[in-house]
Structure formats: structure tokens, C-alpha cells
Amino acid sequence: MSKPLILIGSGGHASVLYDALKLSCQNILGVVDPKLSKNKKIFGDCQVLGSDKEILSFNPLEISLVNGIGIIPNTVNHRLRISNHFRNLGYNFSVVIHPSSIISDNVFLSEGVQIMAGTIIQNNTKIGTDSIINTGAVIDHDCIIGNDCHIAPNSTICGSVKCGNESYIGAGATIIQKISIGKNTTIAAGTTVYKDVKENSIIKTNAGMIRDIQNT
Ligand code: JB3
């Protein structure tokens, strides 16, 4: 039996996580967010527990946390800070899996990974700590997705792709097979990546395509 959960944050990402947790019949104690008044309800029927310090009144061995702060480019540090803070206090972060996702038996999901509705993750892929695989994303076989990545809605990661920590793959982007994406990289929405990308890059055009066409 999984532990009762506390959801951190109450924005768009948290609301989607709340739906996924309810659909998988998890016991959700409530939400913490400094912007909300204690004892109110949010997302229809979810209890507001108060600010983050309310978490400290729960024994870390008896509950798990869900980090409901999303990742958009340049905001990964805030989500990371919250995860690190509570892990240092002995709390752990639950894996969230929307029941409509399709995940091969041989996929390895690290602590705190969040798999949203309609995603497909194929054989022998590993997803690193706290990464978000968002609505409708497809990650094919033998991929390694690092920690604290956001694979945004409807993006497609083909087979044997490596994606470094803290990288952001924008909505509808396509990464073709065997590509390496360096850490802390942003691939803009809709971009197709045909060649390896160095760490700390921002890719806004179809990386590799022009060179590949010239070479043929
Ligand atoms: O792209 C998609 C499908 N989803 C995006 C998601 C991945 O990231 C979404 O569209 C947003 O761009 C973003 O979602 P998020 O993080 O829910 O953004 P927002 O709606 O701005 O909500 C942030 C929430 O975090 C707000 O409720 C803040 O009050 C709350 N918050 C910020 N700092 C915090 C803290 N809550 C707690 N408990 N502690 C904090 O330190």
C-alpha cells in the first residue's frame, strides 16, 4: 500500500497531477502552497493544508511528497530547490503515473518521475529523478532521459536518444534516433533535431537539417 501524499503547489501542473493521482486511487492528504488559505478547497475537493512548513508536521517515514511545480525553460531551479530541500529533511517524492499511459515492463523510473496522460514509453528506457514526461509524449526504446528534465506535450523521442539533466524538450519537438542532447539544453516547441546538441544550448531551428540536406 503506497503512503499518503502531499502535493506541493497549486498551479496548472499540480492540477493535472491531482487528476492523475485521483484516477490511480491514491490517498491525497492535501496541497501546500503559500498563496492559498489553510482549510480551503482547491481542484474541486482537495484540502489546502497551508504553506510548505505544514509538511514538517508529518513524519517523513509516513508520507510521500509530489512536486507540483512545473518546469518551463529557466524555472527548473525552483522545482529542484524544493525537491532538494525536502529530500535533505528525509522526505521522499512519489512516482506519479497516469493510468492512461503505456509503459513497457523494462522501463526504469527514478524517484519523483511524473508520467502524464497518454504517454508511451518503450522498452529499456530510463527516466531520471523528478523528470516530467508530459501529456501525449512518446519516448521510444533504449533512451536515457536525465534528472529534472521536462519532455513537453506531444514531443517524440525516437530510439536510443540520450538527454542530459535539466533539459527541456518543447511541445511537439522530435528528436530522431541515437541523438545526444547535452545537459541544461532547451529544444523549442516544434523543432526537429537531426544532430547531437551540446550542453547549455538553445535550439530554435531544425538542428542538423540544413547540413544534412547539403551533404546529400
Ligand atoms: O506545459 C504544460 C503542459 N504544463 C506547464 C507546467 C509543466 O509548468 C504549465 O503550463 C506551466 O507552464 C507550469 O506549471 P506550474 O508550475 O503549475 O505553473 P503555475 O500555474 O505558474 O503554478 C505554479 C504554482 O506553484 C503556483 O500555484 C505557485 O503558488 C506555486 N508555488 C511557487 N513556489 C509554490 C512555491 N508552491 C509551494 N508549495 N512552494 C513554493 O515554494
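The values are calculated or read from the model by the stated rules, or taken from the named source; none is laboratory data. Keep in mind that what you see is a predicted model, and the values were worked out from it rather than measured. Glycine gets a Cβ as well: all are built from the backbone with ideal geometry, and neighbour counts include every protein chain shown. The area values use the complete protein model at the heavy-atom level, side chains included, leaving out ligands, DNA and RNA. Shrake-Rupley method; radii C 1.70, N 1.55, O 1.52, S 1.80 Å.
Within segment 176-184, can one find any residue that is of a type outside the set (K, R), within 16 Å of the ligand (Cβ to nearest atom) and at pLDDT 95 or above? Within segment 176-184 (the criterion being of a type outside the set (K, R), within 16 Å of the ligand (Cβ to nearest atom) and at pLDDT 95 or above), the answer is no, since none of the residues qualifies.
For segment 39-52, does any single residue satisfy the condition of being among the basic types (K, R) and more than 17 Å from S15 (Cα to Cα)? Lay out the reasoning, then the answer.
Looking only at segment 39-52, we keep the residues that are among the basic types (K, R), and these are 40-41.
Okay, now just the ones that are also more than 17 Å from S15 (Cα to Cα), so none.
So far as segment 39-52 goes, no, none of its residues is among the basic types (K, R) and more than 17 Å from S15 (Cα to Cα).
Please indicate, with yes or no, whether at least one residue in segment 100-115 is within 10 Å of the ligand (Cβ to nearest atom), of a type in the set (S, T, N, Q) and within 30 Å of A188 (Cβ to Cβ). Yes, that holds for at least one residue. Quick check on segment 45-55. Is at least one of its residues under 29 Å from G170 (Cα atoms) and within 12 Å of the ligand (Cβ to nearest atom)? Within segment 45-55 (the criterion being under 29 Å from G170 (Cα atoms) and within 12 Å of the ligand (Cβ to nearest atom)), the answer is no, since none of the residues qualifies. Would you mind stating whether I127 is touching a Ser or Thr at 6+ places or on another chain (Cβ under 8 Å), at pLDDT 95 or above and either of a type in the set (S, T, N, Q) or open to solvent by less than 30 Å² (accessible area, probe 1.4 Å) (or both)? Yes: the conditions hold for I127.
Of all residues being more than 7 Å from the ligand (Cβ to nearest atom) and open to solvent by 40 Å² or more (accessible area, probe 1.4 Å) in segment 25-34, which is farthest from D52 (Cα to Cα)? Just the residue, please.
Residues of segment 25-34 that are more than 7 Å from the ligand (Cβ to nearest atom), as a first pass: 25-31.
Of the ones still in play, those that are also open to solvent by 40 Å² or more (accessible area, probe 1.4 Å) are 25-27, 29.
Numbers: C25: 24, Q26: 21, N27: 19, L29: 13 Å.
Per the criteria, the residue is C25.
If the condition is being open to solvent by less than 10 Å² (accessible area, probe 1.4 Å), in a loop (DSSP other than H, G, I, E, B) and within 12 Å of the ligand (Cβ to nearest atom), then segment 131-153 contributes S131, A137, C149, A152.
With respect to the conditions (1) in contact (Cβ under 8 Å) with a residue 12 or more places away in the chain; (2) under 30 Å from D142 (Cα atoms), K35 lacks only one, and its number is (2). Remark: S15 matches the filter, which requires a residue to be touching a Phe, Trp or Tyr at 6+ places or on another chain (Cβ under 6 Å) and on the phi < 0 side of the Ramachandran plot.
Step by step: first the residues of segment 101-126, then only those that are part of a strand (DSSP E or B) and under 9 Å from the mean Cα position of the chain (by Cα), then the one that is farthest from G172 (Cα to Cα). Which residue is that? This residue is Q114.
Of the residues I28, I8, I42, I103, only one is in contact (Cβ under 8 Å) with a residue 40 or more places away in the chain and in contact with a strand residue (DSSP E or B) (Cβ under 6 Å, 6 or more places away or on another chain); which?
Values: I28 fails: in contact (Cβ under 8 Å) with a residue 40 or more places away in the chain; I42 fails: in contact (Cβ under 8 Å) with a residue 40 or more places away in the chain; I103 fails: in contact (Cβ under 8 Å) with a residue 40 or more places away in the chain.
Checking each option against the conditions leaves just I8.
All conditions but one from (1) more than 10 Å from the ligand (Cβ to nearest atom); (2) out of contact with any helix residue (DSSP H, G or I) (no Cβ under 7 Å at 6 or more places or on another chain) apply to E166; the one that does not is (2). Scanning segment 177-187 for residues that are crowded, with 17+ Cβ neighbours inside 10 Å and more than 20 Å from T129 (Cβ to Cβ) gives I179, I187. Scanning segment 4-20 for residues that are open to solvent by 10 Å² or more (accessible area, probe 1.4 Å) and within 6 Å of the ligand (Cβ to nearest atom) yields a count of 4.
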